[in-house]
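The values are calculated or read from the model by the stated rules, or taken from the named source; none is laboratory data. Just so it is clear, the model here is predicted, and its values are computed rather than measured. Positions of Cβ are backbone-derived with ideal geometry, glycine not excepted, and every protein chain shown enters the neighbour counts. Heavy atoms of the whole protein, side chains included, go into the accessibility calculation; ligands, DNA and RNA do not. Shrake-Rupley method; radii C 1.70, N 1.55, O 1.52, S 1.80 Å.
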Amino acid sequence: MRLLRSMLIYLAAGLGANAAVAQDLSAYLVGEMRGLVIHEAPVAVSALPFLRIDETQGQLADYAGRHVVLNFWATWCAPCREEMPSLQNLQTALGGEDFTVVTLATGRNPPQAIRRFFEEIGVTDLQQHRDINQQIAREMGVFGLPITVILNPEGQEIARLRGDAHWDSPEAIALIGALIGQPGG
């Protein structure tokens, strides 16, 4: 527990969180957020391209300078269907110049299936990107869906959650807010 606390304080300081949050970030690892693994040191992410819904290419590096909650999902994934509206709510709560939620459909997910998926569940404010052939997911060690990773403004992975979560829950909003230096959301 002492090592975890030291690691959390180090990460909080590196992310610009205020001193009060840095003193006890472990208090935010409650509820579904207990499963969030915060890395001891930031991890590089894939530089491979993804496709935007308009078929232009992008990269995770396009989000440099912002904290990112990056969600790997698929149209056929039932837990993803349950989770996606909460990711939109997280974007609504904390999204802005310094933070965004990015969704990355991995594997076989044609654009029309992605559009239909978003329409059926009422998600209107999240970006629709595709990881063709699961190349980014493979490079980043994403096995099973959904997987959500948190990127720092330098574009490095600092935390990961396997499985679905309610990203709009009070504990998730508080944790993400603390990580990005906006305690309480």
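Considering every residue within region 78-88, establish whether at least one is touching a helix residue (DSSP H, G or I) at 6+ places or on another chain (Cβ under 9 Å), over 20 Å from GLU171 (Cα atoms) and open to solvent by less than 40 Å² (accessible area, probe 1.4 Å). There is no residue in region 78-88 that is touching a helix residue (DSSP H, G or I) at 6+ places or on another chain (Cβ under 9 Å), over 20 Å from GLU171 (Cα atoms) and open to solvent by less than 40 Å² (accessible area, probe 1.4 Å). Which pairs turn up if I take residues in region 28-49 that are more than 13 Å from LEU179 (Cβ to Cβ) and look for partners that are among the β-branched types (Val, Ile, Thr) and open to solvent by less than 40 Å² (accessible area, probe 1.4 Å) with beta carbon separation below 6 Å, at least 6 apart in sequence or on another chain? Close Cβ pairs satisfying both conditions: SER46/ILE136; LEU48/ILE136.
I'd like to know if region 25-38 contains one or more residues that are aliphatic (A, V, I, L, M), more than 15 Å from ARG160 (Cα to Cα) and at pLDDT below 80. Yes, the conditions are met somewhere in region 25-38. In region 132-176, which residues are over 17 Å from TYR63 (Cβ atoms) and of a type in the set (Asp, Glu)? If the condition is that a residue be over 17 Å from TYR63 (Cβ atoms) and of a type in the set (Asp, Glu), then ASP164, ASP168, GLU171 are the ones that fit. Applying a threshold of 6 Å to beta carbon distances and a minimum spacing of six or more residues, or different chains, the list of pairs starting in region 112-123 at a residue that is of a type outside the set (Asp, Glu) and ending at one that is not in a helix (DSSP H, G or I) reads ALA113/THR75; ILE114/ALA105; ILE114/GLN128; PHE117/THR75.
Go through region 45-61 and give me each residue that's within 23 Å of GLU97 (Cβ to Cβ) and in contact with a strand residue (DSSP E or B) (Cβ under 9 Å, 6 or more places away or on another chain). Answer for region 45-61, where residues must be within 23 Å of GLU97 (Cβ to Cβ) and in contact with a strand residue (DSSP E or B) (Cβ under 9 Å, 6 or more places away or on another chain): VAL45, PHE50, ARG52, ILE53, GLY58, GLN59, LEU60.
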